[in-house]
Amino acid sequence: MSRSVDLFVIGGGSGGVRASRIAAQHGAKVMLAEEFRLGGTCVIRGCVPKKLFVYAGRYAHDLEDMAGYGWTVEGARFDWPTLVANKDREIARLESIYQRNLEAPGVEIIRDRAVVTGAHTVRIVGTGETIEARHILIATGGHPALGPAIPGAELAITSNEAFHLPTLPRRVLVQGGGYIAVEFACLFRALGCEVALVLRAEQILRSFDDDVRHHVADEMRHSGINILTGRSLTSITATADGKRVELSDGSHVEVDEVMLAIGRIPNTRNLGLETAGVIVDGVGAIPVDVHGRTNVPSIHAVGDVTNRVNLTPMAIREGHAFADTVFGGKPWQVDHHLVATAVFTEPEIGTVGLSEAAAREAGFTLDIYKAQFRPMRATLSGRATRMLVKLVVDADTDKVLGCHVVGEAASEIIQMAAVAIGMGATKADFDRTVAVHPTAAEELVTMRTKSS
Ligand code: FAD
């Protein structure tokens, strides 16, 4: 006789873990299958290891800055294997916390791949066991896209492998213009690599505010990153001392490592969804309603596999809302608008709400306030970096529609700006707020002159 559960969750990442834990706390009998490592992309090979690498790169800037403040540090040197080993230890620690958080409310963890075999059945691939489930949650995330097959593509890595390189490459080519591509380009550069960033578009970070895009691209160029726009890779060949990458404009670049960061694809292939009649869209994502329900009522999906706002806090929230709604008798929906986000470039970006272009396209008449300035910290250090602060304001209602910050601590600043903007703050509310001085964030409440 097959075992049965109230909820079978496929995928032990941000969304699946939260949904399992909350459903179990509501009294449901829950089983969760994870084929790789608990914690999923964010913990194992996404946000967390990336931010640790970003921190590592920032020490290089700190060392540079210190001289202007009177410090002399002799013999400073960077050791990549130490960083990777320490990062791995931290990830293992987090993974065990995820395991404990699942076990505490009684979630049964299956360390294996699982596939759907019907509207209420799942098969554990390794053992062949079939589990009956009242509800099935697909939380399988996504994987890096490899793009069109080019000769030598197998010589390239993706973000997955970048976290485990045995040595730090001296010369790196990163392909892509999205946030993962620009973050890796910046962190490799900060760690001392020669970096080329190759993208098909004419500018990085599509859909971000144009001032932000230009500002960050300028800073990246200034740091020494060679940004090659309007181009793609046509082949990669191994050479005696690295890799030769041919580009679509006929030029080539010689590097030690090629990293593809051209997007991510939802993990729905060979998942058995067709056996249950679950519809997927053209990119393989699972369309869901406001409660995360697929076209099959007993099967839900959350997180990156639904390809909505592909960020950890959204997957977590969607998982939580699903569990409260289906098992807690407390239905609620996740709001996918006004999601604040950060990009850990150098300098970093914090953004919430509409870009100027999106606001104009939506028909708003706008007042734009922006300031570019040298952050105080860079004065004595002499570093030629500039900060950008921009508010997109609805001229008719005075409501702040978008806030964009580039510079040190932008990710921290934007979290609080998101609270105010989520509450409907107006420019007058920002103006009424007394500045915290001397900070960079005070610019947000002291900009008085419209720039357009
Ligand atoms: P995932 O976390 O991907 O979890 C899915 C899990 O399902 C995986 O563990 C996988 O092994 C498992 N799985 C798949 N198929 C099966 C199967 N058939 N059986 C069993 N298990 C299966 N987001 C942010 O908010 N901030 C950031 O700074 C940030 N940085 C990122 C950096 C990188 C390099 C990457 C790649 C992503 C980053 N993200 C960031 C995005 C974030 O990681 C994802 O949005 C988030 O992890 C999505 O959670 P999820 O639960 O949907 O899927």
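Keeping to the range 126-149, report how many residues are touching a strand residue (DSSP E or B) at 6+ places or on another chain (Cβ under 6 Å), β-branched (Val, Ile, Thr) and more than 15 Å from Val30 (Cβ to Cβ).
So the answer is 2.
Does Ala153 count as within 14 Å of the ligand (Cβ to nearest atom) and either open to solvent by 30 Å² or more (accessible area, probe 1.4 Å) or under 24 Å from Phe327 (Cα atoms) (or both)?
Against the criterion (within 14 Å of the ligand (Cβ to nearest atom) and either open to solvent by 30 Å² or more (accessible area, probe 1.4 Å) or under 24 Å from Phe327 (Cα atoms) (or both)), Ala153 does not qualify.
Tell me which of these Ala261 doesn't satisfy, since it passes every other one: (1) within 12 Å of the ligand (Cβ to nearest atom); (2) open to solvent by less than 50 Å² (accessible area, probe 1.4 Å); (3) closer than 21 Å to Leu7 by Cα.
If we test Ala261 against (1) within 12 Å of the ligand (Cβ to nearest atom); (2) open to solvent by less than 50 Å² (accessible area, probe 1.4 Å); (3) closer than 21 Å to Leu7 by Cα, just (3) comes out false.
In the range 269-279, is there at least one residue being within 25 Å of Pro144 (Cα to Cα), open to solvent by 30 Å² or more (accessible area, probe 1.4 Å), within 15 Å of the ligand (Cβ to nearest atom) and part of a loop (DSSP other than H, G, I, E, B)?
yes
Scan the range 164-183 for residues that are within 11 Å of the ligand (Cβ to nearest atom), touching a strand residue (DSSP E or B) at 6+ places or on another chain (Cβ under 6 Å) and assigned to a loop (DSSP other than H, G, I, E, B) and report the count.
Selection size over the range 164-183: 0.
Give the residue that is farthest from the ligand (Cβ to nearest atom), with candidates limited to residues of the range 101-120 that are crowded, with 19+ Cβ neighbours inside 10 Å and within 15 Å of Leu273 (Cβ to Cβ).
Val116
Inside the range 406-428, can you point out the residues that are part of a helix (DSSP H, G or I), touching a residue at least 12 places away in the same chain (Cβ under 8 Å) and either in contact with a Cys (Cβ under 9 Å, 6 or more places away or on another chain) or open to solvent by less than 80 Å² (accessible area, probe 1.4 Å) (or both)?
Ala410, Ser411, Ile413, Ile414, Ala417, Ala418, Ala420, Ile421, Gly422, Lys427, Ala428
Tell me which of these Arg189 doesn't satisfy, since it passes every other one: (1) within 18 Å of Leu52 (Cα to Cα); (2) more than 16 Å from the ligand (Cβ to nearest atom); (3) within 18 Å of the chain's Cα centre (by Cα).
Arg189 satisfies all of (1) within 18 Å of Leu52 (Cα to Cα); (2) more than 16 Å from the ligand (Cβ to nearest atom); (3) within 18 Å of the chain's Cα centre (by Cα) except (3).
Arg89: surrounded by fewer than 17 Cβ atoms within 10 Å (Cβ to Cβ), part of a helix (DSSP H, G or I) and more than 10 Å from the ligand (Cβ to nearest atom), yes or no?
Against the criterion (surrounded by fewer than 17 Cβ atoms within 10 Å (Cβ to Cβ), part of a helix (DSSP H, G or I) and more than 10 Å from the ligand (Cβ to nearest atom)), Arg89 qualifies.
Check Glu161, Glu132 and return the single one that is open to solvent by 40 Å² or more (accessible area, probe 1.4 Å), within 12 Å of the ligand (Cβ to nearest atom) and among the charged types (D, E, K, R).
None of the other options fit; the residue is Glu161.
If we keep just the residues of the range 1-54 that are within 6 Å of the ligand (Cβ to nearest atom) and in a loop (DSSP other than H, G, I, E, B), which is nearest to Trp80 (Cα to Cα)?
Going through the qualifying residues, I end up with Gly46.
The values are calculated or read from the model by the stated rules, or taken from the named source; none is laboratory data. Since we're looking at a predicted model, the values are computed, not measured. Using ideal geometry, Cβ is built from the backbone for each residue, glycine included, and neighbour counts are taken over all protein chains shown. We work out accessible area using only protein heavy atoms, side chains counted, and drop any ligands, DNA or RNA first. Shrake-Rupley method; radii C 1.70, N 1.55, O 1.52, S 1.80 Å.
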